[in-house]
2 protein chains.
Amino acid sequence: MDLFVSKYINKIDKKGRVSLPSSFRNVLPKANRNEIILYKSIKTPSIEGCGVGRLKEIAKRINNLDFFSEDYDDFSTSIFSEIVTTNVDREGRFLIPEELKLYAGIKTEAAFFGQGHFFQMWEPKQGLKNTEDSRRRLLKEKKSLRMMLTQQK
Amino acid sequence: MDLFVSKYINKIDKKGRVSLPSSFRNVLPKANRNEIILYKSIKTPSIEGCGVGRLKEIAKRINNLDFFSEDYDDFSTSIFSEIVTTNVDREGRFLIPEELKLYAGIKTEAAFFGQGHFFQMWEPKQGLKNTEDSRRRLLKEKKSLRMMLTQQK
DNA sequence: CATATACCCATTGACGCCCATATATTCCCA
DNA sequence: TGGGAATATATGGGCGTCAATGGGTATATG
């Protein structure tokens, strides 16, 4: 499986370390399995993460913008300067930068939510509530959810 | 990771030295890891920097502008004639030329902002404000920033 | 000779590596 | 198929190394 799926709640130890769920580690390319990138989610008070390969994709896209436009600077600044890279140690743990922890309200535990090609980290209570809210919103539009799930390609 | 990412705020000591963030040093080619180039940003009161290899890329970008346009001359002059090369010492520190420091209003601290293939140095307060402004402009077009981050290849 | 700059050494705190353990999971065999 | 061994995962903690910073001194360069 090369997708981030399922959810996990892991503890943050005294040193600030937290285990990246084992199944998430296996999604990272074997070459860069000890490095992940993190950034603030745009829409929610959560942290998003993924492997470095994805960052290179993003870099390529930004590089294709007009170098002298304002958009270029805005994207470049908002993305590259807000992204942090973090090393995963031999036991599969990493440090969450203080600023990101504050942004997500994470203190002693972090909830990991698989999102396919990336994952999110939430303060557990807020994260679970967000899941419920998401589901509730989807069910209100049952028809479109049905289509989404049953449609053949 | 071969991109300049994340942001750091480092001190400038009595001798005018400042540490190039360790992760930035690692982006420089091993061959010329002790040399960087700096120039005034065209659009903002900041200093831009990168490894020497990047110069060719900049030249290409400028070359793609209409040769007879006023922009061509302006960019060409503003960038090439203003470029300075600086040596990084064994501890990873370098001197910011006085003229560039003045241009960016940098005094006792410098904020480093990763921009992918290059980086920017700002007076910390101004730099952080710039980041906020950038992000605010982009959030007005939430869709485009989201696409940039989540789109699959 | 005077000023600027590079090299060397030192200090501090943060982080990565190593070792250890408890629990959970898988695997294997009788 | 049940039980136990082997393995993996999440977690805890000691300690060495490295990054950021400070300062002395040699050296270059005009």
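For segment B:1-75, what is the largest minus smallest coordinate of the Cα atoms on each principal axis, given in angstrom and ordered from greatest to least?
In descending order, the Cα extents are 44, 27, 22 Å.
Would you be so kind as to list the residues of segment A:80-99 that have their accessible area lowered by at least 30 Å² in the full protein complex compared with their chain by itself (1.4 Å probe)?
Checking the loss per residue gives A:PHE80, A:SER81, A:GLU82, A:THR85.
Only loop residues by DSSP count here, and only those with at most 16 other Cβ atoms within 10 Å; note down the chymotrypsin sites (Phe, Trp or Tyr not before Pro) in segment A:26-87 that meet that. Numbers along the way, then the final one.
Details: sites: A:TYR39, A:PHE67, A:PHE68, A:TYR72, A:PHE75, A:PHE80; in loops: A:PHE67, A:PHE68.
Sites meeting the loop and neighbour criteria: A:PHE68.
In segment B:59-147, which trypsin sites (Lys or Arg not before Pro) fall in coil by DSSP and have 13 or fewer other Cβ atoms within 10 Å?
For trypsin sites (Lys or Arg not before Pro) across segment B:59-147 that sit outside H, G, I, E and B with at most 13 neighbouring Cβ atoms in 10 Å, the list reads B:ARG90, B:LYS107, B:LYS140.
Are there GluC sites (Glu not before Pro) in segment A:81-115 that DSSP puts in a loop and that have at most 16 other Cβ atoms within 10 Å, and which ones? Don't skip to the answer; put the middle values down first.
Values: sites: A:GLU82, A:GLU91, A:GLU98, A:GLU99, A:GLU109; in loops: A:GLU82, A:GLU91.
For GluC sites (Glu not before Pro) across segment A:81-115 that sit outside H, G, I, E and B with at most 16 neighbouring Cβ atoms in 10 Å, the list reads A:GLU91.
Report, in listed order, any pair from A:LYS40/B:LYS140; A:LYS7/A:LYS101; A:LYS101/B:LYS14; A:LYS15/A:LYS40; A:LYS15/B:LYS125; A:LYS107/A:LYS129 with a Cα-Cα distance greater than 26 Å.
Where the Cα-Cα span goes over 26 Å, the pairs concerned are A:LYS101/B:LYS14; A:LYS15/B:LYS125.
Throw me the Rg/Rh for the protein assembly as shown, computed over C-alpha atoms with Kirkwood Rh, two decimals. Write out the running numbers ahead of the final one.
Working: Rg = 21.3 Å, Rh = 21.2 Å.
In the protein assembly as shown, Rg relative to Rh is 1.01.
How many square angstrom of accessible surface are buried between A and B, both sides summed, with a 1.4 Å probe and rounding to 100?
3700
Calculate the dipole size of segment B:12-138 relative to its Cα centre from +1 charges on Lys and Arg beta carbons and -1 charges on Asp and Glu beta carbons; express the result in debye to the nearest 20.
660
Considering only protein heavy atoms, what per residue accessible area in square angstrom results for segment A:7-123 with a 1.4 angstrom probe?
About 45 Å² of surface per residue is accessible.
Rounded to a whole number, what is D in µm²/s for chain A from Stokes-Einstein with the Kirkwood radius over alpha-carbon pairs (4 °C, 1.567 mPa s)?
Once the numbers are plugged in, D ends up at 76 µm²/s.
Counting Lys and Arg as +1 and Asp and Glu as -1, each charge on the Cβ, what is the dipole of the protein assembly as shown about the Cα centre in debye, to the nearest 20?
1860
Rounded to the nearest percent, how much of the accessible area of segment A:7-123 (1.4 Å probe, protein heavy atoms only) is carbon and sulfur? Walk me through the intermediate numbers first.
Values: 2510 of 5220 Å².
Carbon and sulfur: 48 percent of the exposed surface of segment A:7-123.
The values are calculated or read from the model by the stated rules, or taken from the named source; none is laboratory data. Since we're looking at a predicted model, the values are computed, not measured. With ideal geometry, Cβ positions are generated from the backbone for all residues, glycine too; neighbour counts draw on all protein chains shown. SASA here: full protein model, heavy atoms, side chains in, ligands and nucleic acids out. Shrake-Rupley method; radii C 1.70, N 1.55, O 1.52, S 1.80 Å.
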